[in-house]
């Protein structure tokens, strides 16, 4: 994550800010040894993240969520070039899952942190982050629409899938490469392409997942033979 040098100032508050406060309070109550064990970090990285949590704020003076992450997916979303119309579309259609905040709108105000969803940290009576957020992430998603396009890794989609009902249309996009008579996903290439697909959705104002069959970037194209109603598979 990084601080954002961006003029966008029409930020919103994360939906589950009170839950985020409890998580930050919990992390700040842990010893260095406990943080080292649950996050798998040490040395300078431990110091940086200890400092981040000590300075954590819950206000509208943070950074836009979609611009704050620096991983491969987010670099390929390339949200810093969205115009005002695309920003408004993005606000209405894109959601980000977060170990601290649960679920974020793309222009929610957030602060830097390190906390993967799978981190084994007990919060109150809850054994881990999945149990702590429970059904509320799913509830937030279906407030708007029962059609959900999943571009998350398995670690994050696990926060939604257990709560899906028959009325939901939940479609996962997978990206696979044909090589040496086999077809499989490669993590880095999939991350790049997931980011490019988010960019494609926003730039083309995609409202229905079926329109994603036209996606043709990073060498991938829709494979109708391998796809089904629950999984859209793109191959190259």
Considering only residues that are surrounded by 12 or more Cβ atoms within 10 Å (Cβ to Cβ) and within 23 Å of residue 19 (Cα to Cα), which ones fall in region 57-84?
58, 60, 62, 63, 64, 65, 66, 67, 68, 69
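Does residue 208 count as more than 30 Å from residue 37 (Cα to Cα), under 17 Å from the mean Cα position of the chain (by Cα) and touching a residue at least 24 places away in the same chain (Cβ under 8 Å)? Lay out the reasoning, then the answer.
Working: more than 30 Å from residue 37 (Cα to Cα): yes; under 17 Å from the mean Cα position of the chain (by Cα): no; touching a residue at least 24 places away in the same chain (Cβ under 8 Å): yes.
Here the answer is no, as residue 208 does not meet what is asked.
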Only one residue in 103, 94 is more than 18 Å from residue 24 (Cβ to Cβ), buried (at least 20 other Cβ atoms within 10 Å of the Cβ) and under 13 Å from the mean Cα position of the chain (by Cα). Which one?
94
Matching residues, region 40-56, being within 21 Å of residue 3 (Cα to Cα) and exposed (fewer than 12 other Cβ atoms within 10 Å of the Cβ)
44, 51, 54, 55
The condition of being at pLDDT 95 or above, buried (at least 17 other Cβ atoms within 10 Å of the Cβ) and in a helix (DSSP H, G or I) holds, among 233, 201, only for 201
Quick one: would you say residue 87 is assigned to a helix (DSSP H, G or I), in contact (Cβ under 8 Å) with a residue 24 or more places away in the chain and buried (at least 20 other Cβ atoms within 10 Å of the Cβ)?
no
How many residues are exposed (fewer than 11 other Cβ atoms within 10 Å of the Cβ) and within 21 Å of the chain's Cα centre (by Cα) when one looks only at region 11-39?
1
Being over 20 Å from residue 97 (Cα atoms), at pLDDT below 95 and outside any helix (DSSP H, G or I), is that true of even one residue in region 57-66?
yes
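The values are calculated or read from the model by the stated rules, or taken from the named source; none is laboratory data. Everything quoted here is computed from the prediction, not taken from an experiment. When we count neighbours, we look across all protein chains shown, and the Cβ atoms used for this are built from the backbone with ideal geometry, even at glycine.
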